[in-house]
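K.L.:
What follows is a single structure, and I will ask about it in a moment.
The values are calculated or read from the model by the stated rules, or taken from the named source; none is laboratory data. The structure presented is a predicted model; accordingly, all values stated were derived computationally and were not measured. Positions of Cβ are generated from backbone atoms using ideal geometry, with glycine treated the same way; all protein chains shown enter the neighbour counts.
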Amino acid sequence: MNKKVLIVEDDHLIAYIMARYIAENTDYKVLGPVDNADEAIEVALRELPICILMDIRIDGKMDGIDAAIAINKVQDVPIIYTSGNSDAKTVGRANQTNLLGFLSKPVNREELVRLLNTIQPT
């Protein structure tokens with residue numbers, strides 16, 4: 001099985017750190033990073049990742065939640081949001097997606113790996 005995780009993050013340093021955490025602690029193949037919703041949707045629908053690490057505030061007209069909603073209309077992929085935005089309105093919007101969890105930045109390696117390990121392949 002080819003387990004892939006897509007990183008959607010517009011901060012290149014944070015994306016690099018998350019990619020290293022995944023590569024060094026899991027058997028997932030890392031896709032991306034991509035930094036905008038249009039590219040996130042295109043890559044997700046083409047590559048069919050088993051999970052998406054999604055920053056909420058990304059480049060472009062749509063935010064990460066909008067991108068996740070668009071992806072989940074076609075593909076029911078779990079979303080792990082990486083953001084400092086966990087207010088009630090943001091969480092309510094995120095609950096419209098296949099929400100697996102929220103990780104505050106800076107992302108904790110153990111929390112990230114723990115969430116990824118909860119995913120049941122389909």
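K.L.:
Tell me the residue from K105, K73, K89 that is of a type outside the set (A, V, I, L, M) and at pLDDT 95 or above, please. Let's see the steps before the verdict.
P.N.:
On the way: K105 fails: at pLDDT 95 or above; K89 fails: at pLDDT 95 or above.
Going through K105, K73, K89 in turn, the sole match is K73.
K.L.:
Let me ask something else about it. E47 passes all but one of (1) among the charged types (D, E, K, R); (2) under 15 Å from E9 (Cβ atoms); (3) modelled with pLDDT of 95 or more; which number fails?
P.N.:
Only one criterion is unmet by E47, namely (2).
K.L.:
Moving to a separate point now. Quickly run through the range 29-76 and pick out the residues that are in a loop (DSSP other than H, G, I, E, B) and either without any contact (Cβ under 8 Å) to a residue 12 or more places away in the chain or crowded, with 19+ Cβ neighbours inside 10 Å (or both).
P.N.:
Residues of the range 29-76 in a loop (DSSP other than H, G, I, E, B): 35, 48-50, 56-58, 60-63, 75-76.
P49, I50, I56, I58, D63, listed by residue number.
K.L.:
If you don't mind, there's one more thing I want to ask. Which of the residues belonging to the range 1-23 are aliphatic (A, V, I, L, M) and either part of a helix (DSSP H, G or I) or surrounded by fewer than 17 Cβ atoms within 10 Å (Cβ to Cβ) (or both)? Break it down into steps so the answer makes sense when it comes.
P.N.:
Going through the range 1-23, the residues aliphatic (A, V, I, L, M) turn out to be 1, 5-8, 13-15, 17-19, 22-23.
Residues satisfying the conditions are M1, L13, I14, A15, I17, M18, A19, I22, A23.
K.L.:
For the range 104-111, state whether one or more residues are closer than 24 Å to L13 by Cα, of a type in the set (A, V, I, L, M, F, W, C) and either in contact (Cβ under 8 Å) with a residue 24 or more places away in the chain or assigned to a strand (DSSP E or B) (or both). Outline the logic, then answer.
P.N.:
Step one: filter the range 104-111 for residues closer than 24 Å to L13 by Cα, giving 104-111.
Now narrow it down to the ones that are of a type in the set (A, V, I, L, M, F, W, C): 107.
The next check asks that each one be either in contact (Cβ under 8 Å) with a residue 24 or more places away in the chain or assigned to a strand (DSSP E or B) (or both); those that pass are 107.
For the range 104-111, residues closer than 24 Å to L13 by Cα, of a type in the set (A, V, I, L, M, F, W, C) and either in contact (Cβ under 8 Å) with a residue 24 or more places away in the chain or assigned to a strand (DSSP E or B) (or both): present.
K.L.:
Which of the numbered conditions does T26 fail, given that it passes all the others? Conditions: (1) surrounded by fewer than 17 Cβ atoms within 10 Å (Cβ to Cβ); (2) hydroxyl-bearing (S, T, Y); (3) out of contact with any helix residue (DSSP H, G or I) (no Cβ under 6 Å at 6 or more places or on another chain).
P.N.:
(3)
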